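First the structure, in the form of structure tokens, and then the observations on it.
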Amino acid sequence: MSTNNSNALDALIQALRRLPGVGLKSASRMAFHLLQHDRSGAQLMAQALNQAVTQVLHCSMCNTFTQTEVCSTCQDSQRDQTRLCVVETPADQQALERTGAYKGLYFVLMGKLSPLDGIGPKDIGLQKLFQRVAPRAAAGEDRPVSVVTEVILATNFTAEGETTAHVISEGLKARGILVTRLARGVPIGSELEYVDLGTIAHALVDRR
Ligand code: ZN
């Protein structure tokens, strides 16, 4: 049982343990470090956390992190509005952007299907994606339909990424949308973030 003296310390350790891959030992080490050697750093972290949690939202169109209702990429009218590239994470989106080979829009799932870990369609942005691509207007509602004609699946070439791509592909084909997948050339088992730009650009051009 903890005494009143150690409650705040315990609370900090328990909070740090919430981070993925951080166990009791590492959490304790981090807490001791912050309190013993870097109290100003700890204050900065607290402020930054608080700010991020209250100010960072998901883009209403592409689901990525943003501080505005619609992110700057989705607001860019120069981009090809008819193509939508589906990626797992903002880092994957940045990897594709750096190739300069793609001028369409994105949808960021913020995860991947992983039945073994209990991560299903509801835990990632699948419904939001289907709604984005083929919105079903409510009865009598006269809103413009989506102009997306092609969805490019750029989930990772891992087992989970392939499963995710398959489920999206089935869902969208049923809605009459052209679905393409990045061509092989991206090595099996690899994450886009770590693949060189030339390979990604090539996989984009050769998609099918
Ligand atoms: Zn967006």
Q. Do you know which of the residues in the range 74-113 that are within 16 Å of V205 (Cα to Cα) and of a type in the set (D, E, K, R) is nearest to the chain's Cα centre (by Cα)?
A. E97
Q: Tell me which residues, restricted to the range 64-88, are in contact (Cβ under 8 Å) with a residue 24 or more places away in the chain, in contact with a helix residue (DSSP H, G or I) (Cβ under 9 Å, 6 or more places away or on another chain) and surrounded by fewer than 20 Cβ atoms within 10 Å (Cβ to Cβ).
A: F65, T73, R79
Q: Please determine, by comparing only the residues of the range 33-50 that are within 30 Å of G125 (Cα to Cα) and surrounded by 11 or more Cβ atoms within 10 Å (Cβ to Cβ), which one is nearest to the chain's Cα centre (by Cα).
A: L49
Q | Selection count, the range 50-61, where residues are near the ligand (Cβ under 8 Å from one of its atoms) and touching a Ser or Thr at 6+ places or on another chain (Cβ under 7 Å) | A | 1
Q) Looking at the range 89-106, which of its residues are of a type outside the set (F, W, Y), open to solvent by less than 20 Å² (accessible area, probe 1.4 Å) and either in contact with a Leu (Cβ under 6 Å, 6 or more places away or on another chain) or away from the ligand (no atom under 13 Å from the Cβ) (or both)? A) D92, A95, L96, L105
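The values are calculated or read from the model by the stated rules, or taken from the named source; none is laboratory data. Treat the numbers as computed from the prediction; the structure is a model and nothing was measured. Using ideal geometry, Cβ is built from the backbone for each residue, glycine included, and neighbour counts are taken over all protein chains shown. To get the accessible areas, we keep the full protein, side chains included, count just its heavy atoms, and leave off ligands, DNA and RNA. Shrake-Rupley method; radii C 1.70, N 1.55, O 1.52, S 1.80 Å.
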